[in-house]
Amino acid sequence: MLAGTGETNSSADSYYYGLGILRSIDGGKSWTLISQDISGSRSFAGLGFSQIAFSTANPNLAVAGAGSASEGIVRT
């Protein structure tokens, strides 16, 4: 199970910038944060995830649609 973090609408009142994709292998009892791409070269910090699709040929492969906010990561 995968769940994206962050708001994707990038409006003026969007204060929830994503940190990555949450993954559960036990039906949602526990979660692990995936904070970067598989190569380790791109961070997911500041992105909002709107869609996640799984490959029908390879269930271990997923593609996610993400958008960045104009403000970046805001820490208060």
(message) If I filter region 52-64 down to residues being touching a residue at least 24 places away in the same chain (Cβ under 8 Å) and in contact with a Phe, Trp or Tyr (Cβ under 9 Å, 6 or more places away or on another chain), which single residue comes out as nearest to GLY20 (Cα to Cα)?
(response) ALA64
(request) Please verify whether region 47-57 includes one or more residues that are modelled with pLDDT under 90 and part of a loop (DSSP other than H, G, I, E, B). (result) no
(request) Any residue in region 12-29 that's on the phi < 0 side of the Ramachandran plot: show its pairings with residues that are assigned to a loop (DSSP other than H, G, I, E, B) and modelled with pLDDT of 95 or more at Cβ separation under 9 Å, as long as the two are six or more apart or on different chains. (result) LEU22/TRP31; ARG23/TRP31; SER24/SER30; SER24/TRP31
(message) Looking at (1) within 15 Å of the chain's Cα centre (by Cα); (2) among the basic types (Lys, Arg); (3) at pLDDT below 85, which one does ARG42 not meet, given that it meets all the others?
(response) (3)
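Restricting attention to region 27-36, which residues are part of a loop (DSSP other than H, G, I, E, B) and under 10 Å from the mean Cα position of the chain (by Cα)?
Of everything in region 27-36, just one residue is part of a loop (DSSP other than H, G, I, E, B) and under 10 Å from the mean Cα position of the chain (by Cα), namely SER35.
The values are calculated or read from the model by the stated rules, or taken from the named source; none is laboratory data. These figures come from a predicted structure and were not determined experimentally. Cβ: placed from backbone, ideal geometry, glycine included. Neighbour counts: every protein chain shown.
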